[in-house]
1. Would you mind telling me the share, in percent, of accessible area of region 183-366 contributed by carbon and sulfur at probe 1.4 angstrom?
2. I want to check the label-to-label distance for Asn296 and Gln334. Put each point 7 Å from Cα in the C-beta direction and report it in nm to one decimal.
3. Over the heavy atoms of Phe306, what accessible area does a 1.4 Å probe trace out, to the nearest 10 Å²?
4. So how far apart, in nm, are the two label points at Ser231 and Ala33 if each is 7 Å from Cα heading toward Cβ?
5. Which whole-Hz couplings ³J(HN,Hα) result when phi for each residue of region 349-359 is put into the Karplus expression 6.51 cos²θ - 1.76 cosθ + 1.60, θ = phi - 60°, listed in order with x for Gly and Pro?
6. What is the set of long-range amide H partners of Ile49 at a cut-off below 5 Å, with H atoms built 1.01 Å from backbone N?
7. Among 311-319, 51-59, how do they line up from the highest to the lowest mean number of other beta-carbon atoms within 10 Å?
8. Starting from the residue with the highest accessible area, list Met18, Met172, Met276 in decreasing order, probe 1.4 Å.
Amino acid sequence: MGNAQASASSTSSPRFAMASRAFSRQELDDLRALFVSLAAQSQTRGRAISRPVFLEYFGIRGVLGDRLFQLVARESGGGEGVTFEDLIVSKATYERGTRDEVDEFIYQLCDATGDEEAGEGSNERTFEAFINSAVFSKDAEGVARKSMSLSDFRSWCILIPSLRKFLGSLLMPPDSGRPGFQVPVLHYPENISPDLLLLNKEYAWHIGGGFSQQEVQEWRLLYHSSLHGQSFNTFLGNVTNGDAQTVIVVKDTEGFVFGGYASHPWERHSDFYGDMKTFLFKLYPEASIFRPTGANKNLQWCAVNFSSDSIPNGIGFGGQPHHFGFFLSANFDQGHSFTCTTFTSPALSKSNRFRPEVIECWGIQTKGTLDEKAELVKGTVLERFKEDRNMLKLVGLANASD
């Protein structure tokens with residue numbers, strides 16, 4: 001321990017000196033204590049944190065863990081492992097740097113060639129949807145396919161914010177409920193096969209990236225058209241039972257899957273209502289999230305039993321009456337989706353007017369207490385996705401062994 005403290009205190013490179021200014025004295029003391037503890041477990045005579053100890057502490061495995069370790073250890077060359085200087089410089093860049101510095105660091109974690117193949121299994125479509133939303137515009141030496149430029153990567157993270165939250169929190173303490181690691185817990189009746197549901201855990205992780213809060217959430221199936229019938233009245237009866245926040249997911253007859261997040265309850269109004277937390281999303285054939293732009297306040301729509309042609313009965317998001325960003329008629333037998341300035345969203349469906357094949361609605365309940373949060377986030381993200389790790393394959397980071 002004494003050697004580690006001496007090594008840390010003697011470090012005086014300009015990058016280390018500049019990085020140290022990003023932290024308070026107490027934060028530096030806490031980081032030094034963490035380094036000393038991990039270095040003592042590393043069989044490096046306290047001079048560095050070994051790769052196995054580093055990966056075990058931060059709870060990252062496989063290719064992703066290897067890349068993170070190499071990036072953190074690069075300041076000293078990584079001979080013995082991560083030095084105290086490596087730790088401070090990396091955390092200052094990764095957690096306290098400018099947006100450009102953080103994006104560059106995260107970008108280097110990713111395999112951005114687009115050459116990874118989707119694994120076999122039930123969630124191959126999910127992987128495909130994530131990749132389909134990315135752009136690969138950069139020529140890569142020795143690779144036939146295009147690769148993803150830094151600009152491409154930034155655009156991808158806007159469409160899939162959970163990706164940036166996840167990759168941007170890897171050096172946080174693993175017990176703190178790291179952003180992007182929280183996967184909503186899906187509750188539905190035991191007699192329902194998961195194959196019947198449009199929503200899976202990867203899609204829920206993607207949608208959850210659009211929420212401003214970072215609490216762990218539990219989602220409860222409130223309505224499914226195959227179970228409850230394609231009925232607007234049944235839908236309203238099921239979703240107006242105390243769940244203020246809901247996610248609506250639709251699959252149309254063309255096979256497109258999309259929907260919206262409503263931050264306010266579904267209640268009868270003659271005009272738009274809601275707030276800037278509301279957003280639209282696409283799930284398949286490509287996954288994206290479209291947030292409000294502030295261009296207008298036409299966020300959420302719920303009209304019931306109006307006789308005026310200017311007030312279309314049904315539920316919707318964005319745009320204008322009869323020209324919504326996303327709309328389901330009160331009969332639940334038809335809908336439409338148009339380009340929308342409210343969310344800067346394209347048409348979510350293949351055709352502007354669509355017929356729904358399946359309609360789902362999930363109520364969102366936030367788990368607020370620390371005890372509940374700690375229980376739900378327990379384990380690494382790979383352990384929580386041990387059945388199928390396509391979530392990490394979407395950035396070419398799976399192929400990981402525990």
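1. 45
2. It works out to 2.2 nm between the two label points.
3. Per-residue accessible area (Phe306): approximately 50 Å².
4. 6.0
5. Values per residue, Gly and Pro as x: 9, 5, 10, 4, 9, 9, 10, x, 9, 9, 10 Hz.
6. Distant-sequence amide H within range of Ile49: Val82, Thr83.
7. Packing order, densest peptide first, comes out as 311-319, 51-59.
8. Final ranking, largest accessible area leading: Met18, Met276, Met172.
The values are calculated or read from the model by the stated rules, or taken from the named source; none is laboratory data. Worth saying up front: this structure is predicted, and the values here are computed from it rather than measured. Neighbour counts run over all protein chains shown; Cβ positions are idealised from the backbone, glycine included. The accessibility values were calculated without ligands, DNA or RNA, using every heavy atom of the protein model including side chains. Shrake-Rupley method; radii C 1.70, N 1.55, O 1.52, S 1.80 Å.
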